[in-house]
Structures are given as structure tokens and as C-alpha cells.
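Report on the structure given below.
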Amino acid sequence: ICHRQGKNFNKIDQLKLIVSEFECLLEDATKEEQLQIFLKKHPMLLSPTASQIPKQKLGSDFVTDFVLAETQQQGSKYILVEIEKSTHRIFLNDNSSLSKEVDHAIKQTVDWDVWLEKNKAYLQGKLPNFETPEYLIVIGRGNQLDENANEYLRSYNRRLNNTQILTYDDLLVRFKKLIEKLECD
């Protein structure tokens with residue numbers, strides 16, 4: 001068992017408070033914008049190590065929800081993020097076909113990718129070392145998925161090159177694991 005000490009106690013408690021607030025928001029959020037505001041205020045939920053750029057314009061054609069810039073020794077790695085409502089379903093009833101909301105989010109990332117291939121110099125002027133980005137879609141609740149649906153979601157994530165689909169519960173699980181590790185340090 002790990003124990004909190006000194007200065008870390010307050011920081012750990014602050015992180016746990018973020019978890020509680022996010023869980024409440026996910027139960028009550030009816031608008032994507034509510035989630036956008038919360039994730040902007042608490043970027044560690046999307047990535048504990050990345051810098052966050054909200055509402056990055058892609059010319060006058062598109063706007064991302066976020067761009068995550070992960071600093072690495074070889075330069076920055078960029079992840080363009082599309083968030084959707086936490087109330088959206090991921091699958092249709094058979095758990096093997098994606099919902100129209102997930103299909104829409106995937107199409108959005110494909111539209112961004114096509115635009116970026118034609119206009120890479122545009123973002124290279126705004127984001128240092130910009131090359132081939134990855135894409136992240138956050139949608140729905142994982143606590144509503146059974147094991148069969150989770151298997152299908154893992155399969156889709158294996159098959160979608162440079163694109164990952166996570167649920168809001170996936171974000172919570174990752175963040176709770178981070179807190180757990182911090183408590184042990």
C-alpha cells in the first residue's frame with residue numbers, strides 16, 4: 001500500500017477531485033461543448049505529458065477540438081483530437097457495426113488528413129516539426145460496453161491506422177492509473 005506524504009497530498013487530492021468532477025460531468029453532460037471546456041481546463045485527462053492546443057484551425061475549412069503536442073527528443077508528435085458527446089453510442093445493437101456518430105467522427109479525421117496532405121506547409125508554420133499526425137476520437141461511455149463490444153472496439157483500433165477511438169471511461173481509467181502511480185512515488 002502506498003501512502004501520500006507532504007506536498008504530494010494536496011496535488012493527489014486535487015487530481016482526485018478532477019476525477020470526481022469529470023465523473024459527474026459525464027453523467028450530466030448533454031452538450032459536447034461542456035466536455036470541451038472541462039478537457040481544456042484539465043488537459044491531463046487527454047494526455048498527462050502533452051501540451052494542448054484547443055480549437056486549432058485548419059485553414060478556413062476545419063477546426064480540431066484539440067491538438068496534443070507530445071514533446072520527444074526527436075521533435076514533437078501531434079495528435080489531432082475529435083471529441084463527441086459522452087451520450088453517443090459506439091456500436092449499433094449487434095456490437096459489430098459502428099454507430100453513425102462514430103462513423104461521422106472517423107470521417108472528420110479522414111477529412112482532416114486529406115486536407116493536411118494538401119496543406120502540410122500551413123501547419124508546419126504553426127506547429128514546429130509537424131509531419132504525419134495521429135488522430136484520437138473520444139466518444140461515448142465504456143461502462144456501457146460488454147466484453148464483446150470491447151473486443152470489437154479493440155479490433156477497430158488495431159485496424160484504424162493512426163486513429164484511436166477511446167471512450168470517456170478510457171480517459172478516466174488512464175487518469176486514475178496515473179494518480180495511483182503518483183501515490184506510490
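Taking just the alpha-carbon atoms of region 19-68, what radius of gyration and Dmax come out, in angstrom?
Looking at region 19-68, its Cα Rg and Dmax stand at 12.1, 37 Å.
Relative to the present Cα-Cα distance, how much length would full extension add between LYS57 and GLN36 at 0.36 nm per residue of separation?
6.0 nm
Taking the Cα centre of the chain as the origin and placing charges on Cβ (Lys, Arg +1; Asp, Glu -1), which of CYS24, HIS88, TYR135 is farthest toward the positive end of the dipole?
Positive-most Cα among the choices belongs to TYR135.
Under a 5 Å amide H to amide H cut-off, with H placed in plane at 1.01 Å, what residues pair with TYR135 once short-range neighbours are removed?
LEU80, THR163, GLN164
Over the Cα atoms of region 85-151, what is the Rg over Rh ratio if Rh follows Kirkwood?
On the Cα set of region 85-151, Rg over Rh gives 1.13.
Just to be sure I understand the rule: take each whole DSSP H helix in the chain, project its Cα atoms onto its long axis, keep it if the span is 15 Å or more and its mean Kyte-Doolittle hydropathy is at least -1.0. Which ones pass?
Helices passing the filter in the chain: 6-28, 100-118, 168-184.
I'd like the projected area of region 74-122, averaged over all directions, using the convex hull of its alpha carbons. Report it in nm² with one decimal.
Averaged projected area of region 74-122's Cα convex hull equals 5.1 nm².
Hey, what's the per residue convex hull volume over the C-alpha atoms of region 47-185, in cubic angstrom?
Dividing the Cα hull volume of region 47-185 by its residue count gives 125 Å³.
Does a label point 7 Å from the Cα of GLN144, set along Cα-to-beta-carbon, have any residues of region 28-42 with amide nitrogen under 18 Å, and which are they?
28-36
Suppose every Lys and Arg Cβ carries +1 and every Asp and Glu Cβ carries -1, with no other charges. What dipole size does region 1-98 come out with about its Cα centre, to the nearest 20 debye?
Charge dipole of region 1-98: 500 debye, to the nearest 20.
Need one number for region 19-118: average projected area of the convex hull over its C-alpha atoms, nm².
With the hull built on Cα positions only, its mean projection is 8.1 nm².
Bear in mind that the values in this text are calculations on the coordinates, not laboratory data. Here the structure is a predicted model, which means the values were calculated and not measured. Virtual Cβ from ideal backbone geometry, glycine too; neighbours counted across all protein chains shown.
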